[in-house]
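The values are calculated or read from the model by the stated rules, or taken from the named source; none is laboratory data. Every value quoted in this text rests on a predicted model; they were computed, and no experiment measured them. In this analysis, Cβ positions are derived from the backbone assuming ideal geometry, glycine residues included, and neighbour counts consider all displayed protein chains.
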Amino acid sequence: MSSPEFVEIFHRFGVWLIGQIPAKKAALTIHGYFPFFYEIEKRWGKIPSYEQLLVHFTAEGLRRVRLPMRWLSETLQVSINAMEREIASDRRRIAAIMASIPIETTAAKILNSYNLELQSRIAAGRLSIRSARLALRPAASLLASCEKIGNKLPKQNTLDSYLLKTPGQKASIFGFIKFLNRRYATNLVIQVNAQKTILLRRKQLETELIRLLESGKCDDTFEEKWISVSLSFFHDLPWRKVKNLKHFSLSTDADGNFLVSLSGKTYFVPHWNFRSCSSQLEN
């Protein structure tokens, strides 16, 4: 650092850092924060606003210098704006979504047109940037599926296949389908075949159980995964309800099978060596 002002700023940060973490760790880590302060001095010659830091370093970059940012905030040198941070993060994610489709493809042109429409609604105050991001993600995924099979525009069977695999995206993709129908006269209809979705989900769960069996592992992580997937496969419980074993009460029977208490009910989960388990997976 060339200016006495920034030498003093970095020194004051170091003194503060020793008060936050053990002195030995502070001595080992403080040099890792030097480039951050050096870049600030080189670019601005003073501590800039949070908005300027956000534009230059991005929200992800500022997360990597969490302690310096905390010090700047606590010493009132920077006023952190959580809303601006989230907006910047959403902008970065939107840019990543747009970049996920190869340039000069029909899919990229369609996605860009849809993004321009969303951005105009944001500018008019009729849409949040977060909602735009959530709308663009399934649109990009559907268009990527079309590119793989050589379709320039989504067809009904492509949309049906996409919703079969990701039925939870039905609401998120609604706006994009309306856009396609209006702009490209595709006449697509959003429809989710509940029976096919259930069958596909069961097949995915069965595949996961077989994969667990073939892994040859029997540690705690394996056991937790086995119980969670088994609850969905054998008892049709939603994955979001069973993926965290902290919500369960567990016991075992004489054969080592699991009895899982959840929301006032008890569910039987076979041990991975139990014969009935193997027979059900084979059928």
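Restricting to segment 188-217, name every residue that is in a loop (DSSP other than H, G, I, E, B) and without any contact (Cβ under 8 Å) to a residue 12 or more places away in the chain.
Once the filter is applied, which keeps residues that are in a loop (DSSP other than H, G, I, E, B) and without any contact (Cβ under 8 Å) to a residue 12 or more places away in the chain, segment 188-217 yields Gly216, Lys217.
Those residues that are more than 12 Å from Gln191 (Cβ to Cβ), surrounded by fewer than 18 Cβ atoms within 10 Å (Cβ to Cβ) and not acidic (Asp, Glu), I need them from segment 142-157; list them, please. Reasoning before the result, please.
The first filter runs over segment 142-157 and keeps only residues more than 12 Å from Gln191 (Cβ to Cβ), leaving 142-155.
Then keep just the ones that are surrounded by fewer than 18 Cβ atoms within 10 Å (Cβ to Cβ); that gives 144-145, 147-153, 155.
Matches in segment 142-157: Ala144, Ser145, Lys148, Ile149, Gly150, Asn151, Lys152, Leu153, Lys155.
Looking only at segment 64-82, decide whether some residue is within 17 Å of the chain's Cα centre (by Cα) and without any contact (Cβ under 8 Å) to a residue 40 or more places away in the chain.
Step one: filter segment 64-82 for residues within 17 Å of the chain's Cα centre (by Cα), giving none.
Taking every residue of segment 64-82 in turn, none turns out to be within 17 Å of the chain's Cα centre (by Cα) and without any contact (Cβ under 8 Å) to a residue 40 or more places away in the chain.
State whether the residues of segment 99-107 include one that is assigned by TED's automatic domain parsing to the domain that holds Ile173, in a helix (DSSP H, G or I), surrounded by 12 or more Cβ atoms within 10 Å (Cβ to Cβ) and on the phi < 0 side of the Ramachandran plot.
yes
Closer than 25 Å to Arg126 by Cα and modelled with pLDDT under 95: does that describe Ile149?
On the way: closer than 25 Å to Arg126 by Cα: no; modelled with pLDDT under 95: yes.
No: the conditions fail for Ile149.
If I filter segment 42-50 for residues that are in a helix (DSSP H, G or I) and under 30 Å from Leu134 (Cα atoms), do I get at least one hit?
From segment 42-50, those in a helix (DSSP H, G or I) are 42-43, 50; that's our starting set.
Next, from what is left, pick out any that are under 30 Å from Leu134 (Cα atoms): 50.
Within segment 42-50, one or more residues are in a helix (DSSP H, G or I) and under 30 Å from Leu134 (Cα atoms).
So how many residues does segment 78-94 have that are surrounded by 14 or more Cβ atoms within 10 Å (Cβ to Cβ) and either among the aliphatic types (A, V, I, L, M) or not in a helix (DSSP H, G or I) (or both)?
Adding up the residues that qualify gives 6.
To keep it simple, each residue is scored yes or no on (1) of a type outside the set (Gly, Ala, Ser); (2) more than 23 Å from Ile94 (Cβ to Cβ); (3) not assigned by TED's automatic domain parsing to the domain that holds Asn273.
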residue: Arg137; (1), (2), (3): yes, no, yes
residue: Ala140; (1), (2), (3): no, no, yes
residue: Gln156; (1), (2), (3): yes, yes, yes
residue: Lys170; (1), (2), (3): yes, no, yes
residue: Phe234; (1), (2), (3): yes, yes, no
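Within segment 253-265, identify whether any single residue is under 23 Å from Glu214 (Cα atoms) and at pLDDT 85 or above, and answer yes or no.
Yes; the residues of segment 253-265 include at least one that is under 23 Å from Glu214 (Cα atoms) and at pLDDT 85 or above.
Looking at Ala144, is it under 23 Å from Ala96 (Cα atoms), in contact (Cβ under 8 Å) with a residue 12 or more places away in the chain and part of a helix (DSSP H, G or I)?
Answer is yes for this residue.
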